[in-house]
Structures are given as C-alpha cells and as structure tokens.
Amino acid sequence: MTAGDAAADTTVVLGDRRRWKDGALAALVPVAACGLALAGLTAWTGTGRAGGPARTSVTGGRVLLPSAAGAETAAFFHIANRGGSADSLIRVPSRDVPGGITLSQHRMNDGNGAYRAAVKSVGIPAGDRLAMSPQGVDLTVPAPAGKRSWSAGDLVPFTLEFRHSGRVTVRAVVVRAGSVSFQ
C-alpha cells in the first residue's frame, strides 16, 4: 500500500463520518420536535381536558307568566358544559307547548330600540356556562290559551337539543314577571 492509498482511505473514512454526523443532526431536529409535541399532548390529556366529550347539564328553568292569553312569553335556563369539548344548543322541541319554540337573542337597533332576533344555535364552550336572560339569549315560547293556560307555579316540560350532548328534558316553573332576578 502506498502513502497515496493510505491518504485516500483516511479521506473516505472522514467523509463517511462527516456524512453520518450531518445526517444524525438533520434527523435530530424533527425527532426532538415530535418528542416535545408528544410531551405536551401527554400533559394536556393527563389534565383531562383533551378529547373529552361535552357534558351538558340544564337547571334553573323559568317561564314568564304571559301577560295576555295567546301572547308569546320567554323561558330561561342555566346551561353548564363541564366537558372537554364545546357544544351548541341547536333547537328546543316540545310537544307540550303549542306552536314552535324559538331560540332568540336580545338585540338593539340603531335607534336604541330593543328586539328579539331568532338565532340558529348558541355555543357553550368547554368548561363554561350560559345563563339565559332577557338581556341575552332566551327561548320565545307561544303561551297556551283557554283551559290550557298557565298559572304561577305550574311546571312546563322542555326538551333542549344539543349538537353533541343530544336531548336534555327539564321542567321550567312558571313565574310572574318581576318576581325573579336574572343577575
């Protein structure tokens, strides 16, 4: 073997080591990024907030006693979502209430006049609550007339339908306007 052959072998070995080192460093960056992402997702899942379904509950149902027979009135509920995913109230079917129940929201026009506008759904973020009120979201309910009319203290069944939690059936007590606080 000549001195030239030995030098060539050393160059090949050093070149192979350099390529291996460069390749290892290039692979280290995405592997480290994946490891960091996996650690973050593990921590998020460990706290119980990742991938959990929406867990919606409905309480505090109240229906305002209509001021006139056949008039519309409003119903209010407290909705809590204790789950790890957002949910939406999408409709309120009720066979015990004549006509259709409308999900509505309080609005103001340019002349500072108030009105109710129908909305298609109301979102309830994960871990949050919605307290329906006359100044926010409520249900517009046609009041029954005649022998079926309501009196203060009556219990009216409602079924609230959520996009992910499904249907929740609750009762709302009929109350006189002004006898209940929405704070």
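Assorted remarks:
- All told, A69 meets the bar of being more than 14 Å from the chain's Cα centre (by Cα), modelled with pLDDT under 95 and open to solvent by 60 Å² or more (accessible area, probe 1.4 Å).
- For the stretch 81-115, the candidate set comprises residues that are crowded, with 17+ Cβ neighbours inside 10 Å, within 17 Å of the chain's Cα centre (by Cα) and of a type in the set (A, V, I, L, M); within that set, the residue that is farthest from R62 (Cα to Cα) is L89.
- Residues in the stretch 120-136 that are of a type outside the set (G, A, S), in a loop (DSSP other than H, G, I, E, B) and open to solvent by 30 Å² or more (accessible area, probe 1.4 Å): K120, P125, P134, Q135.
- If the condition is being assigned to a strand (DSSP E or B) and open to solvent by 30 Å² or more (accessible area, probe 1.4 Å), then the stretch 158-167 contributes E161, R167.
- For the stretch 137-157, residues that are open to solvent by less than 20 Å² (accessible area, probe 1.4 Å) and within 29 Å of the chain's Cα centre (by Cα) total 6.
The values are calculated or read from the model by the stated rules, or taken from the named source; none is laboratory data. Being a predicted model, the structure only gives us computed values, none of them experimental. No Cβ is skipped: glycine too gets one built from the backbone with ideal geometry, and neighbour counts run over all protein chains shown. For accessibility, only protein heavy atoms count, side chains too; no ligands or nucleic acids. Shrake-Rupley method; radii C 1.70, N 1.55, O 1.52, S 1.80 Å.
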